[in-house]
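To keep things clear, I will list the structure first and then write my remarks on it.
The values are calculated or read from the model by the stated rules, or taken from the named source; none is laboratory data. All values reported here derive from a predicted model rather than from experimental measurement. All Cβ positions, even for glycine, are placed from backbone atoms using ideal geometry, and neighbour counts span all protein chains on display.
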Amino acid sequence: MVIRIEQVLSREAALALGRRIAAAEWIDGNATSGPGAAMAKRNRQLPEAGEAAQAARAEVQRALAQSDAFLSAALPHAIYPPLFNRYGPGDRFDIHVDNAVRVEPATGTQMRADMSATLFLSDDYDGGVLTIETPGGEQAVKYAAGDMVLYPSTTLHRVTEVTRGERIAAFFWVQSLVRDSTMRETLWDLDRATQALAAERGKTDSQVLRLAKVYHNLVRASAL
């Protein structure tokens, strides 16, 4: 399931963050690649321990914590600290799958990558389309700055070559409380339906409360 989370940051805030980090020093994007991905990847990355990355990471983490849609879709148990990449003309990331296990360099903490995320910090560029293989065929993702995509880390995906401008984004991985992707999708659908009904009838409506009970009990039964 590919999920669009709109306005994790406002477009203005996302573009401003993209401009701030663009002025920092960048390194080869293969700093976080596995052996297979390194052969396919051509982009740049903000050094994880640098001041620019730390400040940008804190801003993104605050936005994620305030995004009800992200929390509902991901049901996060652990979130890898956001990283930042940059694609200019000629840069691309050929088809690959993300590593199953990520290790946070600062602490050595290991986490399973269930979901991959990209938060767009620029949108004035050509190419640079994130293409994800799904059971229904390839899905092309190119959103406005401030929007984010969540998708299963198990999928093959790629970023097409940028031909004009720069594609700047935050990216990270999530270990979900609900490991099964089908159950996560079911819970996401149920939560959205419950919220929509609550908007019509009010949160204290008996049917809304019943659906909320079903949702939370399913999360209890499915969580790690």
Query raised in the report: Out of (1) free of Cβ contacts under 8 Å to residues at least 24 places away in the same chain; (2) of a type in the set (A, V, I, L, M); (3) buried (at least 17 other Cβ atoms within 10 Å of the Cβ); (4) in the same structural domain as residue 45 (by TED's automatic domain parsing), what's the single condition that is false for residue 211?
Result: (4)
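Let's see how each residue does on (1) of a type in the set (S, T, N, Q); (2) at pLDDT below 95; (3) assigned to a helix (DSSP H, G or I):
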| position | (1), (2), (3) |
| --- | --- |
| 174 | no, no, no |
| 186 | yes, no, yes |
| 196 | no, no, yes |
| 200 | no, no, yes |
| 214 | no, no, yes |
| 218 | no, no, yes |
| 224 | no, yes, no |
Query raised in the report: Does residue 118 fit the bill of being outside the structural domain of residue 72 (by TED's automatic domain parsing) and either under 17 Å from residue 71 (Cβ atoms) or in contact with a Phe, Trp or Tyr (Cβ under 8 Å, 6 or more places away or on another chain) (or both)?
Result: no
Query raised in the report: Which residue pairs have Cβ atoms under 7 Å apart, sit 6 or more places apart or on different chains, and have a first residue in region 138-149 that is farther than 17 Å from residue 14 by Cα and a second that is of a type in the set (Ser, Thr, Tyr)?
Result: 138/131; 140/131
Requested in this report: Collect the residues in region 91-107 that are of a type in the set (A, V, I, L, M, F, W, C) and surrounded by fewer than 16 Cβ atoms within 10 Å (Cβ to Cβ), keeping them in residue-number order.
Outcome: 95, 100, 101, 103, 106
Report task. Tell me, yes or no, whether region 57-76 has at least one residue that is crowded, with 20+ Cβ neighbours inside 10 Å, under 13 Å from the mean Cα position of the chain (by Cα), not in a helix (DSSP H, G or I) and not polar (S, T, N, Q). Result -> yes
Report task. Could you give me the residue pairs with C-beta distances under 7 Å whose first residue belongs to region 185-201 and is closer than 17 Å to residue 71 by Cα and not assigned by TED's automatic domain parsing to the domain that holds residue 73, whose second residue is assigned to a helix (DSSP H, G or I) and of a type in the set (D, E, K, R) wherever it lies, and which are 6+ apart or on separate chains? Result -> none
